[in-house]
Amino acid sequence: MTALSEREVAPEEIVAKAYKALAKHLEVHERQIADIEARRRRLRDDFDRVKSVRVRQVEDAEVLEE
């Protein structure tokens, strides 16, 4: 860290430059992650709605034994 501070370079600047160099390659993956997360939330909402629906019994149903 001393060598960096002597050159007035912050570690955050190094990370930012490294990310910027890889940003084009990472953009596709970042977008996929965002899309998958949105899909997961929609599926979770659907699942929670299905779980919350009360099961209605059919009154005139006939139970068949195997």
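Does residue 49 satisfy being surrounded by 10 or more Cβ atoms within 10 Å (Cβ to Cβ) and modelled with pLDDT of 85 or more? Judged against the criteria, residue 49 is not a match. Taken over region 1-12, the residue count meeting the criterion of being part of a helix (DSSP H, G or I) and touching a helix residue (DSSP H, G or I) at 6+ places or on another chain (Cβ under 9 Å) is 2. Looking at this structure, is residue 15 part of a helix (DSSP H, G or I), modelled with pLDDT of 85 or more, of a type in the set (A, V, I, L, M, F, W, C) and surrounded by 10 or more Cβ atoms within 10 Å (Cβ to Cβ)? So residue 15 passes the test.
The values are calculated or read from the model by the stated rules, or taken from the named source; none is laboratory data. Quantities reported herein were computed from a predicted structural model and do not represent experimental measurements. Cβ: placed from backbone, ideal geometry, glycine included. Neighbour counts: every protein chain shown.
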